[in-house]
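Below is one structure, written out as structure tokens; comments come after it.
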Amino acid sequence: MVKRLILVLGDQLSSGLTALREADRDTDLVVMAEVADETGYVPHHPKKIALVLSAMRHFAEELREDGWQVAYTRLDDAEASKSIVGELMRRGQEHGTTDVLVTRPGEWRLLGALENAPLTVHMLPDDRFIATLDTFEEWADGRKELRMEYFYRDMRRKTGLLMDDDKPAGGKWNYDHDNRKPAKEDLRRSEPMRFTPDEITQDVLDLVDARFGDNFGTLRPFWFAVTRTQALRALDHFAKNLLAGFGDFQDAMLQSDRFLHHSVLSPYLNLGLLGPLEICERIEAEWQKGTVPINAAEGYIRQIIGWREYVRGLYFREGPDYPERNVLGHQRDLPWMYWGGETGMNCMAHAVAQTREEAYAHHIQRLMVTGNFALLAGVDPKQVHEWYLAVYADAYEWVEAPNTVGMSQFADGGIIASKPYVSSGNYINRMSDYCGDCTYSVKDKTGDKACPFNLLYWHFLHRHRDRFSENPRMGNMYRTWDRMDADRRDTVLHEARALLARLDAGETV
Ligand code: FAD
Ligand code: DLZ
Ligand code: SF4
């Protein structure tokens, strides 16, 4: 006789999950389900689906070895229903119970489905984060303006990471100032650790190939870690071989190196195979041993205990309508080049091609190439959000939506970013080697060869003048625009409009 169903979702693959901690191995049944609603709410990249399903299957095996009873539904099980709630109902009927224990899901959609299910669902907090949602609310309540930097300092104090008593180690909270170097090709630089698919993963790859072969994205070669043991090896490899350069080259982009000094740990962290604190402690230990500089360790730790925690707090604070926001009123359809359509823009072609092959792009590629272009071109932020949610292996709405809708598209009106992340081609040229091989010229501000970022940058500032001209961080940009002679401004706007018309007509840009 089963007393309760313990639901473990695809991104809850942690043995210390609150639902598992509270459950009883002898009387409760763990329910895990591969279902069409989860594999299909956006056209996920095949590598992402394979990663989630393979990691789920491995985790179910580990739970069984650990003495749990697990009812695991595979996507191709004939009697499987479409949804998580459907599977809970089916398992409940089989075992004569309607009681469900679950750790709070990381998405409003699933949260709503569970709350409205004809089951008795007991929800526990997800404590795989450093800040609870209540802590975040307490921190945010009553503040006129929310800024990540101050939240981050609280998290440093709370965890004691990189602290000398109550002072930041090295004397500064933030070493970002040192982190703006472009990278050069370096044949000695390590690659992220790659893993050979085992039999379980091979089965999943065949299934994904058959069912999702038409989704955007290349399935093979598949090299992601799919177990905690493998993810720990990937962390160790990063900490020993790549972390030292993380700070210096955090914003750099190189055609020949897709990963540079980035960790590619977000897919594992977001699935629950690794925890944020254990990662940061490992990073801090390298700094204490003297193998990495402070700007690398601090920069990395800030991303995890700062940004990652901060965006989660905001996602839940802002509510379920967050992905629908569109304060700039942008309505353009996402250009075809995002799905691999032809483009003469080398930076965009590279970012999209790498996304197709790896289900990965690093932060600056997401923010300052694909995100920047969508914002400048006035693309509907909901479409941009659904693209990011689909194409990256680490994408779950709680982390993706604030980054896309807020940080990258400014569609929340400035809750996350104090000014829009827009730039002309100059920034991309400074931080990458894309421009030398482009059909456009980054130096040209107007004319046939003018870099589209140059034209659209001014068009963006011009069309949103009412909103941004008073922003103290944007005054310089408007002053530069206003200093241009009127004919030149007309030419820029005219050419920008022509470029947007070509995009709308589906022509190659
Ligand atoms: P590294 O560069 O090695 O960084 C270390 C870790 O810090 C990451 O693994 C990640 O866990 C964390 N981190 C860094 N920046 C952020 C951030 N802004 N928000 C939250 N965590 C951060 N990250 C996701 O995990 N999932 C997403 O769906 C996602 N969507 C994004 C969409 C846009 C438009 C932008 C601009 C950023 C997005 N990010 C997202 C943040 C960031 O780009 C990725 O976390 C990072 O690229 C993951 O690669 P990495 O593990 O090599 O990161
Ligand atoms: C992303 C994903 C995919 C592709 N498939 C499944 C699945 O079949 N079963 C499941 O339990 N979870 C899956 N997930 C992860 C969920 O979408 C995730 O739990 C929610 O988005 C909440 O973050
Ligand atoms: Fe991108 Fe412009 Fe540089 Fe071409 S010239 S790679 S479009 S920034």
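The values are calculated or read from the model by the stated rules, or taken from the named source; none is laboratory data. In this text, all values refer to a predicted model and were calculated from it rather than measured experimentally. So basically every Cβ, Gly included, is an ideal-geometry build from the backbone, and we count neighbours across all protein chains shown. In case anyone asks, the SASA skips ligands and DNA or RNA and just uses the protein heavy atoms, side chains included. Shrake-Rupley method; radii C 1.70, N 1.55, O 1.52, S 1.80 Å.
Numbers below:
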| item | result |
| --- | --- |
| Loop-located chymotrypsin sites (Phe, Trp or Tyr not before Pro) in the range 446-490, at most 12 other Cβ atoms within 10 Å (DSSP) | none |
| All-pairs Cα distance distribution in the range 270-313, expressed in whole percent, bin size 10 Å | 28, 51, 20, 1 |
| Total formal charge among the other residues, if their Cβ is under 12 angstrom from that of LEU119, Lys/Arg +1 and Asp/Glu -1 | 0 |
| P(r) histogram, all alpha-carbon pairs of the range 177-293 included - 10 Å bins from 0, percent | 12, 36, 34, 15, 3 |
| With Cα atoms, 0 to 90° folded angle of helix 486-504 axis to the chain main axis | 40 |
| In order through the range 357-371: 3J(HN,Hα) via Karplus (6.51 cos²θ - 1.76 cosθ + 1.60), integer Hz, x for Gly, Pro | 7, 10, 6, 8, 8, 7, 4, 6, 5, 5, 7, 9, 10, 5, x |
| ILE49 accessible area, 1.4 Å probe, all protein chains in place, Å² to nearest 10 | 10 |
| Neighbourhood charge, 12 Å Cβ-Cβ cut-off, centred on ASP380 and excluding it, Lys, Arg +1 and Asp, Glu -1 | 0 |
| Restraint check, LYS82/LYS382; LYS47/LYS181; LYS181/LYS445; LYS158/LYS181; LYS172/LYS289; LYS181/LYS449, Cα-Cα greater than 23 Å | LYS82/LYS382; LYS47/LYS181; LYS181/LYS445; LYS158/LYS181; LYS181/LYS449 |
| Ranked order, CYS438, CYS347 - accessible area, probe 1.4 Å, largest first | CYS438, CYS347 |
| Accessible-area composition of the chain, carbon plus sulfur, in percent [1.4 Å probe] | 47 |
| Helical contribution to [θ] at 222 nm, DSSP H n ≥ 4, -39,500 (n - 2.57), averaged over the chain, rounded to 500 | -13000 deg cm²/dmol |
| In order through the range 39-44: 3J(HN,Hα) via Karplus (6.51 cos²θ - 1.76 cosθ + 1.60), integer Hz, x for Gly, Pro | 7, x, 5, 9, x, 4 |
| Potential extension, GLN202-GLU507 segment - 0.36 nm per residue separation minus Cα distance | 105.8 nm |
| Separation of alpha-carbon centers, the range 390-418 and the range 98-177, rounded to whole Å | 16 |
| Sites matching trypsin sites (Lys or Arg not before Pro) across the range 379-468 that sit in DSSP coil, with at most 16 neighbouring C-beta atoms within 10 Å | LYS443, LYS449 |
| Sites ASP214 and ASP165 - FRET efficiency at Förster radius 45 Å, r taken between beta-carbons, to 0.05 | 0.20 |
| Simple spin-label estimate for ASN471 and ASP76 in nanometres, 7 Å along Cα-Cβ | 5.0 |
| Compactness of the range 4-124 - radius of gyration and Dmax, Cα, Å | 13.4, 39 |
| Estimated Rh, the chain: Kirkwood, alpha-carbon pairs, angstrom | 24.2 |
| Alpha-carbon radius of gyration plus Dmax, which is the widest Cα pair, for the range 364-509 in Å | 15.4, 47 |
| With all protein chains modelled, accessible area of HIS261 [1.4 Å, Å²] | 20 |
| Assigned charges on the beta-carbon of Lys, Arg, Asp, Glu; the range 385-487 dipole about Cα centre (debye) | 480 |
| Exposed GluC sites (Glu not before Pro) absent - longest run of the chain, DSSP non-H/G/I/E/B, at most 10 other C-beta within 10 Å | 186-341 |
| Solvent exposure of the range 141-262 as accessible area per residue, Å², 1.4 Å probe | 54 |
| Mean projected area (nm²) of the alpha-carbon convex hull when the range 296-431 is viewed from all directions | 8.3 |
| Cα long-axis angle, helix 84-95 against the chain (0 to 90 degrees, to the nearest 10) | 0 |
| Selection from MET368, TYR427, GLY378, by position along the positive dipole direction of the range 336-504 (Cβ) | TYR427 |
| Angstrom value of the Kirkwood radius, inverse mean 1/r, which spans all Cα pairs in the range 206-263 | 13.9 |
